[in-house]
1. State which residue pairs qualify: first residue closer than 25 Å to residue 16 by Cβ and inside segment 34-56, second residue among the hydroxyl-bearing types (Ser, Thr, Tyr) and not in a loop (DSSP other than H, G, I, E, B) in any location, beta carbons under 6 Å apart, and separation of 6 or more residues or different chains.
2. Count, please, the residues in segment 41-67 that happen to be under 16 Å from residue 107 (Cβ atoms) and among the hydroxyl-bearing types (Ser, Thr, Tyr).
3. For residue 34, work out the one condition from (1) over 16 Å from the mean Cα position of the chain (by Cα); (2) open to solvent by less than 50 Å² (accessible area, probe 1.4 Å) it doesn't fulfil.
4. Can you tell me which residues in segment 3-23 are exposed (fewer than 14 other Cβ atoms within 10 Å of the Cβ) and in a helix (DSSP H, G or I)?
5. Step by step: first the residues of segment 109-140, then only those that are surrounded by 11 or more Cβ atoms within 10 Å (Cβ to Cβ) and part of a loop (DSSP other than H, G, I, E, B), then the one that is modelled with the lowest pLDDT. Which residue is that?
6. Among the residues of segment 34-56, which ones are over 30 Å from residue 74 (Cα atoms) and either at pLDDT 95 or above or assigned to a strand (DSSP E or B) (or both)?
7. State all residues of segment 47-87 that are out of contact with any Leu (no Cβ under 8 Å at 6 or more places or on another chain) and over 24 Å from residue 97 (Cβ atoms); if no residue qualifies, say none.
8. Since residue 80 meets every condition but one in (1) touching a strand residue (DSSP E or B) at 6+ places or on another chain (Cβ under 8 Å); (2) over 15 Å from residue 115 (Cα atoms), which condition does it not meet?
Amino acid sequence: MINGILKAMGAALNAEFGDRYTVIMEENMQELNEPCFFISCINTSVRLFPGRRYFRNNQFCIQYFPETGRINEECSGVAERLFSCMEYVSASGDLMRGASMQYKIANGMLCFFVNYDCFVRKTGEFIPMESIGIAEYAKG
């Protein structure tokens, strides 16, 4: 699931910014040729719902390393474009909507945060409630 979302985010970045911008998904700073993006999943949490459904909160961070000395201006422009291109991504055939988007500029780079939250269902043997029995025993 996470790898599919990462690939979808990379495809959306490539569609918006083109091949001039490198998209990195593995932490290897030797490949860093500015301008570039580094995408990572920074937090995932799971909440149980009835019916073997689980709600997953998936928070991602897109770091942008600018190419010019005008860091604030360049990063702000890229962030505006990220709000648009990260709103919807297609992961594993499912259209997912980005939520809780925000960004900050620190240490000479842009950090853009976006959540792609979804329900997942576990598969397995399902026992219908009609087949469950109750046994009662009395002492005495």
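The values are calculated or read from the model by the stated rules, or taken from the named source; none is laboratory data. Just so you know, these numbers come straight off a predicted model, no measurement behind them. Note that each Cβ is placed from the backbone with ideal geometry, even for glycine, and that neighbours are counted across all protein chains shown. To get the accessible areas, we keep the full protein, side chains included, count just its heavy atoms, and leave off ligands, DNA and RNA. Shrake-Rupley method; radii C 1.70, N 1.55, O 1.52, S 1.80 Å.
1. Within 6 Å, the pairs are 36/22; 37/64.
2. The number of residues fulfilling the criteria is 1.
3. The single condition residue 34 does not satisfy is (2).
4. Those that are exposed (fewer than 14 other Cβ atoms within 10 Å of the Cβ) and in a helix (DSSP H, G or I): 3, 15.
5. Looking at the filtered set, the residue picked out is 117.
6. 45, 46, 47, 48, 49, 53, 54, 55, 56
7. Answer for segment 47-87, where residues must be out of contact with any Leu (no Cβ under 8 Å at 6 or more places or on another chain) and over 24 Å from residue 97 (Cβ atoms): 67, 68, 69, 70, 71, 72, 73, 74.
8. Going through the list (1) touching a strand residue (DSSP E or B) at 6+ places or on another chain (Cβ under 8 Å); (2) over 15 Å from residue 115 (Cα atoms), residue 80 breaks only (1).
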